[in-house]
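Notes to accompany the following structure.
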Amino acid sequence: MRKYVLKRVLTAVFTLLVILLVLFILMQLMPGSPFNDEKLTDDQLQLLYEKYGLDKPIIVQFFNYVKNMFTGDFGVSYKISKNTPIAQLIASRLPISIGIGFMAVFIGALIGLILGIVAAIWHDTILDTIATIISVIGVSVPSYVFALALSFEFGFTLGWFPMLYSNSAQLSSSILPSVSLSMFTMASIARFTRSEMMEVMDSEYMLLAESKGLSGRALILRHALRNALIPIVTVLAPLIVDLMTGSLVVEKIFSIPGVGSLLVNAIQSNDYNVVISLSFIYSAMYIVIMLVVDILYGIIDPRIRLAKEDG
Amino acid sequence: MADKIIEINNLDISFKTTAGLVHAIRGINVDLEKGETVAIVGESGSGKSVTMKAAMGILASNAVVNSGEILFHYTDDDGQPAMVDILQKDKRWIRNNINGRRISMVFQDPMTSLDPTMTIGKQIMEGMIWHYKTPKKEAWDKAVGLLKEVGIEDAQKRMKQYPHQLSGGMRQRVVIAIALACDPDLLICDEPTTALDVTIQAKILELIKKVQKERHIAVIYITHDLGVVATVADYVNVMYAGKIVEVGNVNEIYYDPKHPYTWGLLSAMPDLDTDDDRLYTIPGSPPNLLHEVKGDAFAARNKYAMKIDDEADPPMFQVSKTHWAATWLLDPRAPKVQMPKELSDRIERMKEAVRSAGKSID
C-alpha cells in the first residue's frame, strides 16, 4: 500500500510539472501582455519586462518559476492587484470558494444519496418519479438560475438568509450559494445511486442475504449500500473539484470574493502569474482528490485494497 | 404418517409482466419428510426456483399466489411441534422464523452469491447474530467450526478473507456454511453444482450428503442435471411448464419412467456406452406460459401425443405407491406405448452396472 501511494504521488508531481509547462506555453500564445497601456513607451515596457523577468526565454522563465515555487513564491500580480504576492492574493479568496464548495458537495452528495436510495427501494412508484423529476431539474437547470431564484425567494421575499456574501456572517450567507451549487451534484449522484442500487439489489448476494432473514434496512445498509458506493465515489471526485474551484456566475450573484471571479479577471487582463497559479492549484486539487478517491476506493472495496497490497 | 417437514399443496403462481400475466406455476404438489432428499428436475424456466422462493417467502414483488398452501412443520421456540402455512404469513414473520433459521438456501453460482465487500466470517456470523443475538465470540467460534465442517482448512485465516480470495469450490463450501449457520431443518439447494468444475461437483454433492446425514436434515435439490439427482435424491419430481409431470422414488424414475418427457430427459443425458454418436435432444422448446396452455403442455413436443392431449390436461395416474405420472398414455384406453428402444437398452445397461457393483436396485 505504501509503495503504491508513493508511486502515485511521484506520478502526480511529474504530471503537475507538465501541466505547468503547458500553462507557460499557453500564456505565451495569449495576445498582448499584462502591460497593455498606450501611455507606456517601448523603453518603459522594456524596463517592466526586465523587472519581472519576462524578457528571458520561456524555458528560463519556467525554471525560475518552478525554483521559486519550491520556496512558496508564486510570483506577484502584474495587474489586478499590483505587486501583491499571488500567495497572499489567493490565500484570502481560495478558502471562501473551498468552503462554499465543500458545503455544496456535502449537501449534494447527502441528499443525492438519499434520493437515489429511496428511488431504488421504491422503484416504479410515485417516490421514484418524484426523485427522477428532481434529478432531471437538477441536471438541466444551470446553477445560476437556482442562485437567482433562491436569492429572490429566500433572500429578498422571505428574508431568511442574507442575499449577499458577508464576512461577518459566513455560514448563513454561504447557505444559498452552496445550495444552488449543490443541485447538479445532487441530481447526478441521485441518478447514479439509483441505477447502482438497482443493480446491486438484483444481485445474487442480495438474494442470499435476504434468504438469511435479514430485514430490509439491514440488507440495504450492510450489503447494498457499500457495494453501490464503490462506483459512486468515482463520479463524486470530479464533481468535488468542480465545486471547490468556485463558480464564476454564482460568485457574482452573491458577490462572493472567491477565486472564480479572480481567474476570469486575470485572464482578461493578462495577469500571467495569477492565471498560472490558479490553474496550477486547480490541477493540483484535482490530482489530490483523485488520489484520495483511489485510496478511499481501497477502503470500501477489499478487492482493490488487497490487490494493491500484493502489488 | 412419518415426520413430514414440508408439504406444498396445489401451489399456483403467476407473474405480472409488461407483456401480461405469466402463469409460471400451475398447481404443484411436493412432499418431504425429515432427513429425506427430494429433487425437482426440469428445464430452465419450468418453475423450479420459483417454487422454492415461494417456500422461502422471497418471491419477486410481481408474483401473485393464486392458490395453494406451503405447510411447514417445525419445532417452535418453546420446543412444541408446530405447523404453519408459509403463504399465509407476512414477510416479517417469515424473515424472523423461517429464513436462514429453519429453511436455508444454497445458491447456484458461488462467484456471485457472496457479498464481495464483506469477509467470509462476517457473512457466516451474520445470520446467527441476527436471529439469536449470539455473542460475537461465540458466533466466531461457531463459524470456524462450520468452516471446518464444510471442509475448509485454515478456517481461522479464511474467516478474515474476502470471497475473491477463494476458489469457486471453496466459495460454495462457504455458501453451505452460511446456510448451516442457524442449524436449519431444511436445506434448499438451487443448482448447487451447475456453476462449478466437474471435478468439484462431486465433492460438493458429497459434502451436502454428509452434512445431511450428520444433521439429519431434509434437502430439496433443484436441478436440471439428472446425473446429480441419481447420486443424491430419494425422490424425484419431474417438472415441466409449471407442473409436476412425474414423481417417484429415484429407482422408479430412472429404471421405470412413464412420462414421455422423463424419457426425453433421460435420453438426453450424455452416455459413453453407446455407438450412437449423436446426443439426443428433446425437440422444440417449452411453451410460453404467457398464454394459457390447453391440454397437455408437453403435447407439442411429444411424438407419442394423442388427440386427447390437445384437449384435456392429463391427471396424475398412479403407477405404484410412490410413483405417479401425468400422461394420457397411462389411461387404460390408451394404446400400449413403450419407451424408445435406445432408452430401454440404456436403462438395462445402467441396471447391469448397478448389479455388478453389488447393489440392490429396489
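Just checking, does the stretch B:119-129 include any residue being without any contact (Cβ under 8 Å) to a residue 60 or more places away in the chain, in contact with a Pro (Cβ under 8 Å, 6 or more places away or on another chain) and more than 9 Å from every other protein chain (Cβ to nearest Cβ)? Checking the stretch B:119-129: at least one residue is without any contact (Cβ under 8 Å) to a residue 60 or more places away in the chain, in contact with a Pro (Cβ under 8 Å, 6 or more places away or on another chain) and more than 9 Å from every other protein chain (Cβ to nearest Cβ). Can you confirm whether the stretch B:84-105 contains a residue that is closer than 28 Å to B:ASN288 by Cα and over 21 Å from the mean Cα position of the chain (by Cα)? No - not one qualifying residue is present in the stretch B:84-105. Of the residues making up the stretch A:188-212, those that are within 11 Å of chain B (Cβ to nearest Cβ) and not hydrophobic (A, V, I, L, M, F, W, C) are A:ASP202, A:SER203, A:GLU204, A:TYR205, A:GLU210, A:SER211, A:LYS212. Would you check if there is a residue in the stretch A:7-27 being at pLDDT 80 or above and aromatic (Phe, Trp, Tyr)? Yes, the conditions are met somewhere in the stretch A:7-27. Of all the listed residues (B:GLU149, B:GLU153), the sole one being away from chain A (no Cβ under 14 Å), touching a residue at least 24 places away in the same chain (Cβ under 8 Å) and over 26 Å from A:ALA228 (Cβ atoms) is B:GLU149. Could you list, in sequence order, the residues of the stretch A:46-68 that are crowded, with 16+ Cβ neighbours inside 10 Å and among the hydrophobic types (A, V, I, L, M, F, W, C)? Answer for the stretch A:46-68, where residues must be crowded, with 16+ Cβ neighbours inside 10 Å and among the hydrophobic types (A, V, I, L, M, F, W, C): A:LEU48, A:LEU54, A:PHE62. With respect to the conditions (1) within 22 Å of the chain's Cα centre (by Cα); (2) assigned to a helix (DSSP H, G or I); (3) of a type in the set (A, V, I, L, M, F, W, C), A:LEU48 lacks only one, and its number is (1). Scanning the stretch A:213-243 for residues that are more than 14 Å from chain B (Cβ to nearest Cβ) and basic (Lys, Arg) gives no hits.
Out of all the residues in the stretch B:88-99, is one or more surrounded by fewer than 24 Cβ atoms within 10 Å (Cβ to Cβ), part of a helix (DSSP H, G or I), free of Cβ contacts under 8 Å to residues at least 40 places away in the same chain and more than 14 Å from every other protein chain (Cβ to nearest Cβ)? Yes: the stretch B:88-99 contains one or more residues that are surrounded by fewer than 24 Cβ atoms within 10 Å (Cβ to Cβ), part of a helix (DSSP H, G or I), free of Cβ contacts under 8 Å to residues at least 40 places away in the same chain and more than 14 Å from every other protein chain (Cβ to nearest Cβ). Of the helices (runs of 4 or more DSSP H) lying entirely inside the stretch B:196-271, those containing at least 1 residues that are under 15 Å from the mean Cα position of the chain (by Cα) and basic (Lys, Arg) are B:198-215.
Taken together, B:ASP77, B:ASP31 contain a single residue that is assigned to a strand (DSSP E or B), farther than 18 Å from B:GLU191 by Cα and more than 14 Å from chain A (Cβ to nearest Cβ), which is B:ASP31. Here's a check for you: in the stretch A:1-39, which residue that is touching a residue at least 60 places away in the same chain (Cβ under 8 Å) and part of a loop (DSSP other than H, G, I, E, B) is surrounded by the most Cβ atoms within 10 Å (Cβ to Cβ)? Per the criteria, the residue is A:PRO34. What number of residues in the stretch B:1-20 are hydrophobic (A, V, I, L, M, F, W, C), over 16 Å from B:SER46 (Cα atoms) and in a strand (DSSP E or B)? Going through the stretch B:1-20 one residue at a time, the tally reaches 3. If only residues of the stretch B:25-46 that are among the small types (Gly, Ala, Ser) and farther than 12 Å from B:ILE8 by Cβ are counted, the one that is modelled with the highest pLDDT is B:ALA39. In the stretch B:104-117 there is at least one residue matching the filter, namely being without any contact (Cβ under 8 Å) to a residue 24 or more places away in the chain, outside any strand (DSSP E or B) and within 11 Å of another protein chain (Cβ to nearest Cβ).
Say whether the condition of being of a type in the set (Ser, Thr, Tyr), surrounded by 18 or more Cβ atoms within 10 Å (Cβ to Cβ) and within 14 Å of chain B (Cβ to nearest Cβ) is met by at least one residue in the stretch A:289-301. The answer is yes; a qualifying residue exists. For the stretch B:134-144, state whether one or more residues are touching a residue at least 40 places away in the same chain (Cβ under 8 Å) and in the same structural domain as B:VAL219 (by TED's automatic domain parsing). So far as the stretch B:134-144 goes, no, none of its residues is touching a residue at least 40 places away in the same chain (Cβ under 8 Å) and in the same structural domain as B:VAL219 (by TED's automatic domain parsing). The residues in the stretch B:175-203 that are surrounded by fewer than 21 Cβ atoms within 10 Å (Cβ to Cβ), within 12 Å of chain A (Cβ to nearest Cβ) and under 17 Å from B:ALA39 (Cβ atoms) can be counted, and the count is 1. Consider A:ILE117 carefully, then state whether it is touching a Gly at 6+ places or on another chain (Cβ under 7 Å) and modelled with pLDDT of 85 or more. No, not satisfied.
Rundown of residues vs (1) surrounded by 22 or more Cβ atoms within 10 Å (Cβ to Cβ); (2) over 24 Å from B:ASP331 (Cα atoms), yes/no style:
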site: B:ASN237; (1), (2): yes, no
site: B:VAL250; (1), (2): no, no
site: B:ASP256; (1), (2): no, no
site: B:THR262; (1), (2): yes, no
site: B:TYR280; (1), (2): no, yes
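The values are calculated or read from the model by the stated rules, or taken from the named source; none is laboratory data. Since the structure is predicted, the reported quantities are computational estimates derived from the model, not experimental observations. Cβ atoms come from the backbone with ideal geometry, glycine included; neighbour counts cover every protein chain shown.
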